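For reference, the structure discussed in these notes is given below.
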Amino acid sequence: MTTQPSRDRVAVITGPSGVGKGTLVRRLLERHPDIWLSVSATTRAPRQGEQDGRDYFFLSRPKFEQCIADGDFLEWAEFAGNLYGTPRQWVERNLERGPVLLEIELEGARQVRQSFPAAFQIFLAPPSFEELERRIRSRGTDSESAIARRLGRAREELAAAAEFDAVLVNGDLEEALVQLERLLIPV
Ligand code: 5GP
C-alpha cells in the first residue's frame with residue numbers, strides 16, 4: 001500500500017500530451033500555493049506566451065547534454081524529439097519547504113520510481129483516445145508531424161497507466177481537481 005504525500009514528499013503526475021495536465025496542475029496550485037511545482041528544463045522551443053524560468057528553462061541541446069553529463073537532472077527523457085529534465089537541485093531545495101509536484105512524462109516517472117520510491121505517482125488519463133486527439137489538435141500549437149509523434153507516444157503512455165499508484169480520468173476538470181486534491185492533500 002502507498003501512503004499519501006505530505007511535507008518533504010514528492011508527487012508525480014504523468015499522462016499523455018494533451019490530456020490537460022498543465023491546466024489541472026495550474027488549478028491545483030491556485031488553490032494550494034504550499035505545493036511546489038518543479039520547473040523543468042527542455043530543448044523544445046518556447047510556445048507563444050511561455051516564459052523562460054517560469055514555464056521551462058529553455059536550453060540548447062549542447063547545454064542540456066552538459067547538464068546530463070554533470071548529473072544535474074533528477075530524471076530526464078526524450079519526448080517527441082526534444083529533451084526534458086527535472087533539475088535535481090531545485091527539487092532537493094524545495095523538498096525542505098513543502099511537497100513537490102513533478103509534471104513529467106512516462107520515462108521520467110519510471111526513473112523517479114528508482115530515485116524516490118516513496119513518491120506518489122498519479123496517471124491522468126483522457127476519457128477516450130478520440131477525445132485526446134481532439135484536444136491535441138484544438139490546441140493548434142503543434143505541427144502535423146509533432147501531433148503524430150505525440151499521438152503515437154500517447155498510446156504507449158496509456159498502456160502504462162496500471163504502473164501508477166492512482167489513475168484519474170480527466171473528463172470534467174473540476175471533478176478531476178477534487179479527486180487530485182483527495183489524493184494529494186492529507187485530511
Ligand atoms: P510539452 O512539450 O507539451 O510542454 O511537454 C511534453 C511532455 O514532456 C509532457 O508529457 C510533459 O509532462 C513532459 N515533461 C515536462 N517536463 C518534463 C521533465 O522534466 N521530465 C520529463 N521526463 N518529462 C517532462
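Derivation of every value follows stated rules applied to the coordinates shown; laboratory data play no part. Just so it is clear, the structure is predicted and the values come from calculations on it, not from any experiment. All Cβ positions, even for glycine, are placed from backbone atoms using ideal geometry, and neighbour counts span all protein chains on display.
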- Residues whose modelled amide H sits under 5 Å from the amide H of Val169, counting only those 5 or more places away in sequence or on another chain, are Ala125
- Report the normalised scattering of the chain as log10 I(q)/I(0) at q = 0.12 Å⁻¹, calculated by the Debye formula with identical scatterers on the alpha carbons. -0.55
- 3J(HN,Hα) from dihedral phi, the range 164-169, Karplus parametrisation 6.51/-1.76/1.60, rounded to Hz, x for glycine, proline: 8, 5, 8, 10, 10, 9
- Query: Taking other Cβ within 10 Å of each residue's Cβ, how do Leu28, Leu95, Leu132 sort, fewest first?
  - Reply: Leu95, Leu28, Leu132
- What value, in deg cm²/dmol to 500, does the helix sum -39500 (n - 2.57) over DSSP H runs of n ≥ 4 give at 222 nm once divided by the residues of the chain? -12500 deg cm²/dmol
- Query: Just going by the charge dipole of the range 10-184, with Lys and Arg at +1 and Asp and Glu at -1 on Cβ, which of Gly171, Gly53, Leu102 is farthest out on the positive end?
  - Reply: Gly53
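With only Lys, Arg, Asp and Glu charged, each at its Cβ (+1 for the first two, -1 for the last two), find how big the charge dipole of the chain is about the Cα centre; round to the nearest 20 debye. Each step should come with its number before you reach the end.
Numbers: 25 positive and 29 negative charges, 41 e Å.
Magnitude of the dipole: close to 200 debye.
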- Item | Likely footprinting exposure, Glu78, Glu157, Glu144, fewest C-beta neighbours within 10 Å first | Glu144, Glu78, Glu157
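If we count other beta carbons within 10 Å of each Cβ, what is the order of Val178, Val12, Val39, fewest first?
Working: Val178 10, Val12 26, Val39 15.
Going from least to most buried by this count: Val178, Val39, Val12.
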